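Enquirer: Structure incoming, see below.
The values are calculated or read from the model by the stated rules, or taken from the named source; none is laboratory data. The shown structure was predicted, so the numbers you read here are calculated from the model rather than taken from an experiment. Reconstructed Cβ throughout: ideal geometry from the backbone, glycine too, with neighbour counts over all protein chains shown. All accessible areas refer to the heavy atoms of the entire protein, side chains included, with ligands and DNA or RNA removed. Shrake-Rupley method; radii C 1.70, N 1.55, O 1.52, S 1.80 Å.
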Amino acid sequence: LYRTGDKARWRDDGSLEFLGRDDNQVKLRGFRIELGEVEGALRLLAHEVAVVVREDSPGDKRLVAYLVAPGADAAVLKSALRAKIPEYMLPSALVLLDALPLSPNGKVDRKALPAPELLASSPSAFAEPRTATEVTLAALFSDVLHLPRVGLHDDFFELGGHSLLATQLVSRVRGAFRVELALRELFEAPSVERLALRLQSLLATQQGHALVPALARAPRDQALPLSFAQQRLWFLDQLEPGSTAYNIPGALRLTGALDVACLQHAFTELVRRHEALRTCFREADGQPTQVISPPAPFALPVTDLSAHEDGEVEARRLAEQDACEPFDLAQGPMLRASLLRMGAHAHVLLINMHHVVSDGWSMGVLVREVAALYEAFSSGRPSPLSELLVQYADYAVWQRAWLQGPVLETQILWWKQHLEGAPATLELPTDKPRPTTQSHRGASCPVHLPRDLSDALKALCQREGVTPFMALLAAWQLLLSRYSGQEDITVGSPIAGRRVVELEGLIGFFVNTLALRTRLEGNPSFRQTLARVKESTLGAFAHQDLPFEKLVEELQPPRILGRSPLFQVLFALQNAPTARLALPNLTLDLLSIESATANFELELNLSEDSEGFAGTLTYRQDLFTLAFAQRLSRHFVTLVEALVAQPERPFHLLPLLSSEERQTV
């Protein structure tokens, strides 16, 4: 207790009660950090130093160091500091100031120290872009990252960028400079200045990749093909009519004074705007085609539960019942919604779409547009949304026309090399005998990485030049390797598939699934594994346009009854924007609906909020029990803690078991 600075006393019942700790110590990233020790190391590098723990966003605590060091460079200082103190003690930000703010008694006024995000507005920290290329790039950075401005030396990923935002930036670079920038280029040159130099070199030598063709409106006087992804789901529906495995249900709690007529009007306008929502799928000359119906009023049935003795329980039952109602792909509609009236100022909106016309990103588009339309209509104003330049059917025609010839051959060749010799199956220990054919019956349990652990992981990502997606994927693959005993792990991961800026506001089935393979021979450390995962992931992102369906068709992997081809386990880090929305007199909150389906044997789905990385582990009930899933979730958290604390240690030596499990053993 003396070494950690904690104060404690024994209670009468024999337990230990913690009473507090010294002000100069803080627990961050799962470690006890002595602020004085950090300040002492920094004083060897700067004239004046102040180290504080900031919480500018609720639950987001981080260590920030403020220095007065004329002529110094923050990156150089951080590199020198790394040689003096352990990794876990490194501040997440080093802020260079002309002088530390002082209180009237001459001490450092810690409350007056600026937040790191505001430093860009300080002339001493902000460097203006100089050339036309730098000015344009800085504007694109600002647009994608939703920041007021970005400086010459600001790092895209340190400003909050991730793989999805990087893809959006590449799309905007394509439109602004007419050059195809590989995603790898952004990782290697993440600042405005460095990326501008890369761009100028590409433009001067014309060495960029072939441009993705422009997306244009296709004629409607001919049969409209399905996209590759749609064709696969249509085929599966022919094999198993009425399956609900590809339903995408959602629910919104509406609190406040609701105008039902305006909400119905908003849905009618939404369906008019997005042709995908009024599309069904029928055969013509032996081939499935998209058939787009003309706009029509949208039906929004209302069920009154205000007098029900337990309305919340009944609402959840109805939500789960609706989630399991099948769609008729030949007749439509592909979107349905209903309203549950819980009280005068409380409603629940149930939404369900079939995956053949939608994906996770599309649900966010739907919620945002319905909210904008409702706000306008309830105020007597027309729709504020601009007309869509292209529709999903145009994308399907564009995809079929582009993905052929040399473009298709290049994509296929890379994937063949990437997956050559990969095991066909992941042999995980199961709780039940593996059936010949598996159902899609699924269940899930929660997974949560606490805020301090999530921050430590993100800090490690910045030091290693990787994204949280790559780090969490690496941890997941390492855990699967420990469970299976295999050293060659392939995991499926969905990617948004909206590489063209015109697709970002569309509702449709764009998501593609990538087979991400990592070889773990030689008992690598986490740092070594991150380098391998980064390399394979960037390669996969560069060849993301090949649909998974087309990849399976080309590779023709051995078909094993009851198992999906190429991979049986999925990982997803959801980072598409789905913010809480507020309207005049009405608040919208997304509600979670328990998934009863599992399209893969295991699916780890995470997202980040103020509490850290959290989500669910979904499992097939034909193979696993809840106890297995809960144990696997605990081991994932324990392994991430160990990986962050000791990134240089061989992963086979890192613990999986909690102290309680070790005691049981």
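For every residue, the table says whether it meets (1) modelled with pLDDT under 85; (2) out of contact with any strand residue (DSSP E or B) (no Cβ under 8 Å at 6 or more places or on another chain).
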residue	(1), (2)
Y88	yes, no
A99	no, no
A115	yes, no
L118	yes, yes
A138	no, yes
H153	no, no
L159	yes, yes
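Enquirer: Which of the residues spanning segment 328-344 are assigned to a strand (DSSP E or B) and surrounded by fewer than 22 Cβ atoms within 10 Å (Cβ to Cβ)?
Expert: The answer is R336, S338, L339, R341, M342, G343.
Enquirer: Could you check, for segment 266-276, whether at least one of its residues is more than 18 Å from Q391 (Cα to Cα) and at pLDDT 95 or above?
Expert: Scanning segment 266-276 turns up at least one residue that is more than 18 Å from Q391 (Cα to Cα) and at pLDDT 95 or above.
For (1) part of a helix (DSSP H, G or I); (2) open to solvent by 60 Å² or more (accessible area, probe 1.4 Å); (3) free of Cβ contacts under 8 Å to residues at least 40 places away in the same chain, each residue gets a yes or a no:
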site: L159; (1), (2), (3): no, yes, yes
site: L164; (1), (2), (3): yes, no, no
site: S171; (1), (2), (3): yes, no, no
site: E185; (1), (2), (3): yes, no, yes
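Enquirer: Here's something else I'd like to know. Checking the condition more than 19 Å from T618 (Cα to Cα) and in contact with a helix residue (DSSP H, G or I) (Cβ under 9 Å, 6 or more places away or on another chain), which residue from L479, L449, L530 passes?
Expert: L530
Enquirer: Any residue at all in segment 592-601 that is more than 30 Å from V313 (Cβ to Cβ), among the hydrophobic types (A, V, I, L, M, F, W, C) and in a loop (DSSP other than H, G, I, E, B)?
Expert: yes
Enquirer: Quick one: in segment 68-100, of everything that is in a loop (DSSP other than H, G, I, E, B) and within 17 Å of F126 (Cα to Cα), which residue is nearest to the chain's Cα centre (by Cα)?
Expert: Only one residue fits best here, namely D73.
Enquirer: Then there is this: Out of segment 81-95, which residues are more than 16 Å from E464 (Cα to Cα) and open to solvent by 10 Å² or more (accessible area, probe 1.4 Å)?
Expert: Correct list: K84, I85, L94.
Enquirer: Looking at segment 345-352, is at least one residue open to solvent by 40 Å² or more (accessible area, probe 1.4 Å) and either of a type outside the set (D, E) or outside any loop (DSSP other than H, G, I, E, B) (or both)?
Expert: Yes - at least one qualifying residue is present in segment 345-352.
Enquirer: What residue, among those in segment 529-556 that are more than 23 Å from the chain's Cα centre (by Cα) and free of Cβ contacts under 8 Å to residues at least 12 places away in the same chain, is most open to solvent (accessible area, probe 1.4 Å)?
Expert: Q556
Enquirer: Cβ-Cβ distance below 8 Å, separation of 6 or more or different chains: which pairs start in segment 294-322 with a residue that is of a type in the set (D, E) and end on one that is open to solvent by less than 70 Å² (accessible area, probe 1.4 Å) and assigned to a loop (DSSP other than H, G, I, E, B)?
Expert: E314/L305; E320/I593; E320/A596
So that you can scan it fast, the table gives a plain yes or no per residue for (1) open to solvent by 20 Å² or more (accessible area, probe 1.4 Å); (2) without any contact (Cβ under 8 Å) to a residue 60 or more places away in the chain; (3) of a type in the set (S, T, N, Q); (4) in contact with a Lys or Arg (Cβ under 8 Å, 6 or more places away or on another chain):
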| position | (1), (2), (3), (4) |
| --- | --- |
| T437 | yes, no, yes, no |
| C445 | no, no, no, no |
| D455 | yes, no, no, yes |
| E464 | yes, no, no, yes |
| M470 | no, no, no, yes |
| Y483 | yes, no, no, no |
| E487 | yes, yes, no, yes |
| A496 | yes, no, no, no |
| L514 | no, yes, no, no |
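Enquirer: Please pick out the residue among R559, R563 that is basic (K, R), modelled with pLDDT under 95, in contact with a Lys or Arg (Cβ under 9 Å, 6 or more places away or on another chain) and open to solvent by 30 Å² or more (accessible area, probe 1.4 Å).
Expert: R563
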